[in-house]
Amino acid sequence: MLEQVLKEIEQRDHFVLTSHARPDGDAIGSVLACGAILRQMGKSAEVILHDGVPIIYQPLPFATEVKKAESVNGKYEAAIVLECDSVQRTRLSGLERHFLINIDHHATGRQFADVNWIELSACATAEMIYWLARAAGAHVTPEIATCLYTAVLTDTGSFCFRGTNERTFALAQELVHAGADPARIAQSVYFSNPTSKMRLLGQALNTLARDGSLAWMHVTNEQMARVDAREEDCEGLVNYALAIEGVEVALFFREQEPGKWRVSLRSKGTVDVAEVAAYFGGGGHHAASGCSLEGPLTAVTERVTEKLRMSAPSKKGVDKIMHWRT
């Protein structure tokens, strides 16, 4: 499918690139790098994101060129949707009018486009964009390498998630050789949080609950307002629950509006949380996924934990780990 994607790109000149709403590191790094690669190929490439670039990723090269909008109105010949399982998840109207190219690496990826390149062996969509650059004969500049390394670093959970292997580190090495500065990127991503995020973390930790190897937290809109937090401040908070010794799965419930919750699921590898997220209409990685549910928080929590219990592996030793209170 890489050859097919490259062929479709070579046959066109004007592109719009996007990814899912509330973009994470892989979404941002991949879309920025892909846009730069297309421009190297002599193409016009405009990046549009419904929610723009989160503050933490705004120092990345090309980030200032991203447009924040709710619709796509330009005269584009094709739209490239990266790290996203549907047009709807972009929250951009107008994309469906264009020839669609879908580039994704999630096991829950869907073939919604005219051309669908879904590569489950890739550690991040950024790895696929690196392959695309090589196939196109593009020069991986230090700026492109910085975007791709940031995407790989964040989407592998700092090289902690299941699926991280020697090929992942070989890719990271090549990106460093191309000019990515791993120490500077790590400091920018992990040691540059706004004060509002730290205060929101305090609010979330006050709700921390644990049952055996399962832990969960939540934040409400009232708590968000109390500390003047942004939506992007919620990113990564679930990992603080997962960091607890003996916890195998962590959940973070974010109130979107009254009676509607966004759920982030994280696993240390024992449980495939992508399967659980997909059951509720979401998706993602084996160890990092998300979905949305409606209802009171207590009911939503019960539904997700019940599904986790049903999805737990049955091999010896895991049953004890996955013994939730009912």
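The values are calculated or read from the model by the stated rules, or taken from the named source; none is laboratory data. Source: prediction; values computed, not measured. Using ideal geometry, Cβ is built from the backbone for each residue, glycine included, and neighbour counts are taken over all protein chains shown. Side chains are part of the model used for accessible areas, which takes the heavy atoms of the whole protein and leaves out ligands, DNA and RNA. Shrake-Rupley method; radii C 1.70, N 1.55, O 1.52, S 1.80 Å.
Regarding segment 166-187, can at least one residue be identified that is open to solvent by 20 Å² or more (accessible area, probe 1.4 Å), polar (S, T, N, Q) and in a loop (DSSP other than H, G, I, E, B)? Checked against the condition, which is being open to solvent by 20 Å² or more (accessible area, probe 1.4 Å), polar (S, T, N, Q) and in a loop (DSSP other than H, G, I, E, B), segment 166-187 yields no hits at all.
Scan N221, N206 and give me the residue that is of a type in the set (S, T, N, Q), closer than 18 Å to I244 by Cα and surrounded by fewer than 16 Cβ atoms within 10 Å (Cβ to Cβ). Unique residue meeting the criteria: N206.
The numbered conditions (1) open to solvent by 40 Å² or more (accessible area, probe 1.4 Å); (2) out of contact with any Gly (no Cβ under 9 Å at 6 or more places or on another chain) are all true for R162 except (2). Remark: pairs (first residue in segment 138-155, assigned to a loop (DSSP other than H, G, I, E, B); second residue of a type outside the set (A, V, I, L, M, F, W, C) and surrounded by fewer than 24 Cβ atoms within 10 Å (Cβ to Cβ); Cβ separation under 6 Å; 6+ apart in sequence or on different chains) = A138/Q40.
Within segment 61-84, residues that are without any contact (Cβ under 8 Å) to a residue 40 or more places away in the chain have Cβ atoms under 6 Å from residues that are open to solvent by 40 Å² or more (accessible area, probe 1.4 Å) and not aliphatic (A, V, I, L, M) in these pairs: S71/S93, counting only partners at least 6 apart in sequence or on another chain.
Of the residues A209, A204, which is of a type in the set (G, A, S) and under 22 Å from the mean Cα position of the chain (by Cα)? Reasoning before the result, please.
On the way: A209 fails: under 22 Å from the mean Cα position of the chain (by Cα).
Criteria check complete, one pass: A204.
The lone criterion from (1) touching a Gly at 6+ places or on another chain (Cβ under 6 Å); (2) under 29 Å from C291 (Cα atoms); (3) of a type in the set (A, V, I, L, M, F, W, C); (4) buried (at least 22 other Cβ atoms within 10 Å of the Cβ) left unmet by I48 is number (1). Taking (1) surrounded by fewer than 22 Cβ atoms within 10 Å (Cβ to Cβ); (2) touching a Gly at 6+ places or on another chain (Cβ under 9 Å); (3) hydrophobic (A, V, I, L, M, F, W, C); (4) more than 23 Å from N221 (Cβ to Cβ) in turn, M310 satisfies each apart from (2).
Output yes when any residue across segment 201-217 is part of a loop (DSSP other than H, G, I, E, B), of a type in the set (S, T, N, Q) and without any contact (Cβ under 8 Å) to a residue 60 or more places away in the chain, and no when none is. Within segment 201-217 (the criterion being part of a loop (DSSP other than H, G, I, E, B), of a type in the set (S, T, N, Q) and without any contact (Cβ under 8 Å) to a residue 60 or more places away in the chain), the answer is yes, since at least one residue qualifies.
Here the condition is being open to solvent by 50 Å² or more (accessible area, probe 1.4 Å), within 18 Å of the chain's Cα centre (by Cα), polar (S, T, N, Q) and under 30 Å from L251 (Cα atoms); of S121, S192, it holds for S121 alone.
Scanning segment 236-290 for residues that are closer than 14 Å to A215 by Cβ and of a type in the set (D, E, K, R), we see that the one that is surrounded by the most Cβ atoms within 10 Å (Cβ to Cβ) is R266. Of the residues E70, E65, E83, E10, the single one that is open to solvent by 50 Å² or more (accessible area, probe 1.4 Å) and either of a type in the set (A, V, I, L, M) or under 22 Å from I118 (Cβ atoms) (or both) is E10.
Quick grid of which residues meet (1) modelled with pLDDT of 95 or more; (2) within 24 Å of D272 (Cβ to Cβ):
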site: L60; (1), (2): yes, no
site: G74; (1), (2): no, no
site: H105; (1), (2): no, yes
site: R110; (1), (2): no, yes
site: N116; (1), (2): yes, yes
site: R134; (1), (2): yes, no
site: I144; (1), (2): yes, no
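State whether the residues of segment 189-197 include one that is closer than 22 Å to Y130 by Cα, touching a Pro at 6+ places or on another chain (Cβ under 9 Å) and in a helix (DSSP H, G or I). Scanning segment 189-197 turns up no residue that is closer than 22 Å to Y130 by Cα, touching a Pro at 6+ places or on another chain (Cβ under 9 Å) and in a helix (DSSP H, G or I).
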